1. Against the condition hydroxyl-bearing (Ser, Thr, Tyr) and open to solvent by less than 20 Å² (accessible area, probe 1.4 Å), how does Ser273 come out, does it pass?
2. When the residues of the range 89-115 are narrowed to those that are of a type in the set (Phe, Trp, Tyr) and either more than 29 Å from Lys241 (Cβ to Cβ) or in contact with a Cys (Cβ under 9 Å, 6 or more places away or on another chain) (or both), which ends up least open to solvent (accessible area, probe 1.4 Å)?
3. With the structure loaded, tell me whether Asn224 is under 20 Å from Ala100 (Cβ atoms) and more than 30 Å from the chain's Cα centre (by Cα) or whether it fails that test.
4. Considering only residues of the range 202-221 that are among the basic types (Lys, Arg) and within 27 Å of the chain's Cα centre (by Cα), which is farthest from Ala88 (Cα to Cα)?
5. Within the set of pairs 6 or more residues apart or between chains, which connect a residue that is closer than 21 Å to His276 by Cα inside the range 84-102 to a residue that is open to solvent by less than 10 Å² (accessible area, probe 1.4 Å) and not in a strand (DSSP E or B) with Cβ atoms less than 8 Å apart?
6. Give the residues of the range 97-114 that are touching a strand residue (DSSP E or B) at 6+ places or on another chain (Cβ under 6 Å) and farther than 13 Å from Val82 by Cβ, sorted by residue number.
7. What's the number of the only condition in (1) in a strand (DSSP E or B); (2) in contact with a Ser or Thr (Cβ under 7 Å, 6 or more places away or on another chain); (3) within 24 Å of Arg141 (Cα to Cα) that Trp215 fails to meet?
Amino acid sequence: MKIKIVLIIILIVACACVRPAFGQNAAPESPVPAGKDPALLEKLIGQSSTDPPHPSAELVHFLNRYNRGPREKLVSGRYIPVPFFYSAYSVMPPGYRPFALRAEAGLAMDAKHIVWKALAAFDNGRKDNDGTGPNPKGHDRYLATELYFRPAIPGWSEDWARNFFLGGGYRWSQLSTSNYTKSGSRWQPGGGYDWFHRRCVECLRSISARFEVNWILAGKDWQNGSHGPTWEITIPSTREKRHLFFHQTAALLRFHDTVTDPNNPSLVRAERSNRHFSGFGDTGILWRF
């Protein structure tokens, strides 16, 4: 009997010493609030609000306190133009030599409600098949400005609704060759959208991009009447606080034969009735200071 009593006492003591107690989960040792430990940022990247061991409330508090980290800060809101430089490899339209180098520089502003840009550009494109004989020299010069308005209306709950912008611009270009020079200016209405991707609601952005579409009007280009859409993509979006961006432009233009004598109505009608399509594009790197 005494042996049984001793065994029962030993069993009770052993059960009382076991951790955690029966039916309970192990408690974390001195948990550090996520919002007070910046070193946890890397551990929290890509983790959803339902993933243990960090509760959603602590995770949201952490990300709000540290503004989602340096990558989450946007240029949006800064009404201060900053300089930029763009260098690209261009695919030229028919009549030119196939490829050219393009360089442009200017000022850009990406504020909360305003997207603005002004630039000057140059390429070494040469005409080699325009029916005017040999053209050993040639280049193009450009001036352009664009102004867009982003609504960002308070109370809009959807991010996609706040990332649209609409407006337009004005551009001037001049083609110079060994045999002749011609220029034209035109309006271009259009707009764009800033796209951001996250793996979860609380996650940092993993990728972003800006998409733009503009329609080039014929404007004062009475000689060829070139007009059509242009598409642009920039990765990451220039709304982010970055310096280096990948940029690509493509255009599809419709034009007519060159008007050679504007005082000859029948000849003008014949030349304008003969229409063609051409396209061009460039791919390069944009550096914003």
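The values are calculated or read from the model by the stated rules, or taken from the named source; none is laboratory data. Keep in mind that this is a model prediction, so the values were computed, not measured. Note: ideal-geometry Cβ built from the backbone for every residue, glycine included; neighbour counts use all protein chains shown. Quick note on the areas: whole protein, heavy atoms, side chains included, nothing else; ligands and nucleic acids left out. Shrake-Rupley method; radii C 1.70, N 1.55, O 1.52, S 1.80 Å.
1. no
2. Within the range 89-115, the first condition is being of a type in the set (Phe, Trp, Tyr), and the residues that meet it are 89, 96, 99.
Filter once more, so that each one left must be either more than 29 Å from Lys241 (Cβ to Cβ) or in contact with a Cys (Cβ under 9 Å, 6 or more places away or on another chain) (or both): 96, 99.
Numbers: Tyr96: 37, Phe99: 115 Å².
Across the range 89-115, the extreme among qualifying residues is Tyr96.
3. Answer is yes for this residue.
4. The selected residue is Arg205.
5. Hits for this filter: Ser90/Gly125; Met92/Gly125; Tyr96/Gly125; Arg97/Gly125.
6. Scanning the range 97-114 gives Ala100, Arg102, Ala103, Glu104.
7. (2)
For (1) touching a strand residue (DSSP E or B) at 6+ places or on another chain (Cβ under 9 Å); (2) of a type in the set (A, V, I, L, M), each residue gets a yes or a no:
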{"site": "Leu175", "(1), (2)": "yes, yes"}
{"site": "Ser183", "(1), (2)": "yes, no"}
{"site": "Asp194", "(1), (2)": "yes, no"}
{"site": "Asn224", "(1), (2)": "yes, no"}
{"site": "Leu253", "(1), (2)": "yes, yes"}
{"site": "Asp257", "(1), (2)": "yes, no"}
{"site": "Val268", "(1), (2)": "no, yes"}
